[in-house]
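Please treat every number below as a calculation from the coordinates, not as lab data. All of these numbers come straight from a predicted model, not from anything done at the bench. Virtual Cβ from ideal backbone geometry, glycine too; neighbours counted across all protein chains shown.
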Amino acid sequence: MTESNNSRHRQAKILRLFRKIHRTTGACLFVFFFFVSVTGLLLGWKKHSNGLILPKSYKGTSTDLKDWLPIDSLHTIACSVLHNSVSKDLSLELERIDIRKDKGNG
C-alpha cells in the first residue's frame, strides 16, 4: 500500500508541475498575442489617425527641379528648425533624405 501511495504522490506532484507550466506558458502567450493584436490594430489605423500615429504627408509646390532649393540649404533649414522648435539637445546627424521629383517633395 505504501509503494502505491508513493507512486500516486509522485504522479500528483508531476501533474501539479505540468499544470503550473501550462498556466504560466498560457499567460505568457496571452500577453504576446495581445501585444501583437494591439500593434497590428494600430498599424491598420495609422493612415486614418489624423496625424496622431503617422505624421501627415505634404506635397511640394513644383515638380521642376529648377524651382527647388539645393539639398545643403534644405538640410541647413531643417537643422535650424529642429534646434529652434524641437530641442537643442537632438543630434543633427542625417540618416537619409527622401526626394520624390514626381510628387514635388523635397
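Quick notes on this one:
- Among 62, 85, 73, residue whose mean-square fluctuation peaks in a GNM of the chain (springs only between Cα atoms under 10 Å): 85
- Contour excess over end-to-end distance, with Cα ends at residue 97 and residue 42 and 0.36 nm allotted per residue: 17.2 nm
- FRET efficiency for the pair residue 6 and residue 35, taken as 1/(1 + (r/R0)^6) with r the Cβ-Cβ distance and R0 = 41 Å, rounds to 0.40.
- Modelled this way, with points 7 Å down the Cα-to-C-beta line, the labels at residue 76 and residue 18 are 7.4 nm from one another.
- Matching the structure-derived mean projected area of the Cα convex hull in nm² against the labelled list (1) 15.3; (2) 6.8; (3) 13.0 gives the label (3).
- Pairs of Lys in the stretch 57-106 closer than 25 Å at Cα, counting only those 8 or more apart or on different chains: 4
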